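Take this structure first; my questions come after.
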Amino acid sequence: MKTLTSQKCFLVVIGFMMLTLAFKFGHTALSPEKGPDKIDIVLTSHIDKVVPETSFFCSSQIIAYATFPPYYVRSHKIEGYWNRPDGFRQEHTNLDLEFKPKGSRTAFLWIQFEEGTSLDAFRKSERPDEETQKFNGTWTLDLLADGEKVGETEFEVQCP
């Protein structure tokens, strides 16, 4: 009968510990993975259908559909930071959602370019052309779950 040497026992214990750590931390709720477990973000201006878009006018709305992988089942605080081309954080979307084992794991975030929102300031400015220039260009949407960044997407905004 073979016996394990202390060196082999040590290697077995280390291997077991590594597998345990990989299982515990490799699939946490806050670490998006590549492939089928990644978080998908689709932007559109349509409220009634998901038609992916990457370019928007500053007179419309932008809706972000963020679909989370299956291991996100539980309550989460989902946030979206809408950042202008100059780096200024223009809007903050804040949602408390619970993803159930069966059902949708999609969060809906949006920004609206119209009166009554913080984006309305440039329309009331004495120099609207100068104000709208802040909005022209490449924006980013930073997606957070429970305070940790889990996704990002870029899009273009054009103001006439």
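Along the Cα-to-Cβ line of Lys38, 7 Å from the Cα, sits a label point; which residues in the range 140-156 have backbone N less than 14 Å from it?
What the label zone holds, given the 14 Å backbone N cut-off, is 150-154.
Of Lys77/Lys149; Lys102/Lys149; Lys49/Lys102; Lys77/Lys134, which pairs sit farther than 20 Å apart, going by alpha carbon to alpha carbon?
Over 20 Å Cα-Cα: Lys102/Lys149; Lys49/Lys102; Lys77/Lys134.
Please compute the modelled spin-label separation between Thr153 and Ser104, points set 7 Å along Cα→Cβ, answer in nm with one decimal.
The answer from the label model is 1.5 nm.
Each label point is 7 Å from the Cα along the Cα-to-Cβ direction; what then is the distance between the points at Arg74 and Asn136, in nm?
So the two model labels end up 4.7 nm from each other.
No lab work stands behind these numbers, since they all come straight from the coordinates. Everything quoted here is computed from the prediction, not taken from an experiment. Using ideal geometry, Cβ is built from the backbone for each residue, glycine included, and neighbour counts are taken over all protein chains shown.
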